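Asker: Handing you this structure, nothing more for now.
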Amino acid sequence: SNTRLLLPLIESIGALEALDEILAIDGISGVFIGCTDLAEVLGHPLDYLHPQVLVAVERACKLAHARGKIVLANTGYAFPSIDGQVAHAKALKQCGVNMLMLQTAEFNLYVIAKTISDAVRAE
């Protein structure tokens with residue numbers, strides 16, 4: 001079956017303030033939280049694990065789930081390590097995020113190359 005999800009991107013103060021109205025729009029499946037821009041507009045650039053950022057994500061999840069909608073969030077570019085991405089993914093799951101979008105293949109190739117390079121330099 002063909003399933004299409006309509007997920008408006010939430011990454012501004014205006015979108016956060018209008019979140020419940022956005023979630024009430026007929027036909028949307030949920031919302032997509034853009035973690036990099038969300039952290040930036042909340043005053044915590046690239047600090048996805050800042051309590052204020054996590055509270056905003058958790059609020060979005062609670063509002064979405066109350067309406068039977070899903071929340072997608074991205075792992076972001078702030079963590080140039082697999083461990084950092086895993087920690088962020090776990091935090092998003094604890095907030096109630098249903099789906100994760102991993103960053104680009106190029107970014108993850110960079111993460112792998114940096115991990116190997118750092119390990120070799122350390123010896």
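The values are calculated or read from the model by the stated rules, or taken from the named source; none is laboratory data. Just so you know, these numbers come straight off a predicted model, no measurement behind them. Here Cβ is always computed from backbone atoms with ideal geometry, including for glycine, and neighbour counts include all displayed protein chains. Surface accessibility is based on the protein's heavy atoms, side chains included, excluding ligands, DNA and RNA. Shrake-Rupley method; radii C 1.70, N 1.55, O 1.52, S 1.80 Å.
Asker: Report, in degrees rounded to the nearest 10, the 0 to 90 angle that the Cα long axis of helix 82-95 makes with the longest principal axis of the chain.
Answerer: Computed tilt is about 20 degrees.
Asker: From the list (1) 30, 16, 11; (2) 22, 18, 15; (3) 26, 17, 14, can you say which value of semi-axes √(5λ) of the Cα gyration tensor in Å was derived from the structure given?
Answerer: (1)
Asker: What is the dipole size for the chain, taken about its Cα centre, with +1 at each Lys and Arg Cβ and -1 at each Asp and Glu Cβ, in debye to the nearest 20? Before the final figure, lay out each step's value.
Answerer: Details: 9 positive and 13 negative charges, 83 e Å.
Its charge dipole is roughly 400 debye.
Asker: ILE25: accessible area at probe 1.4 Å, nearest 10 Å²?
Answerer: For ILE25, the solvent-accessible surface is approximately 80 Å².
Asker: Among VAL53, VAL97, VAL71, determine the one that fluctuates most according to a GNM of the chain built with springs between C-alpha atoms less than 10 Å apart.
Answerer: VAL53
Asker: Determine the relative contact order of segment 1-56: mean sequence separation of Cα pairs under 8 Å and six or more apart, normalised by residue count, in whole percent. Walk me through the numbers on the way to the answer.
Answerer: Working: 60 pairs, mean separation 18.8, N = 56.
33 percent.
Asker: Roughly how many Å² is the accessible area per residue of the chain, as a whole number, for a 1.4 Å probe?
Answerer: Accessible surface, normalised per residue, equals 59 Å².
Asker: Relative contact order, percent, of the chain when contacts are C-alpha pairs under 8 Å separated by at least 6 residues?
Answerer: Reported as a whole number, the value is 22 percent.
Asker: Take the alpha carbon gyration tensor of segment 1-45, find the square roots of its eigenvalues, order them as a ≥ b ≥ c, and report rounded if a/c is under 1.5; if not, report prolate when a/b exceeds b/c, else oblate.
Answerer: oblate
Asker: Express the carbon and sulfur contribution to the solvent-accessible surface of the chain as a percent, rounded to the nearest whole number, probe 1.4 angstrom.
Answerer: In the chain, the share of accessible area belonging to carbon and sulfur is 59 percent.
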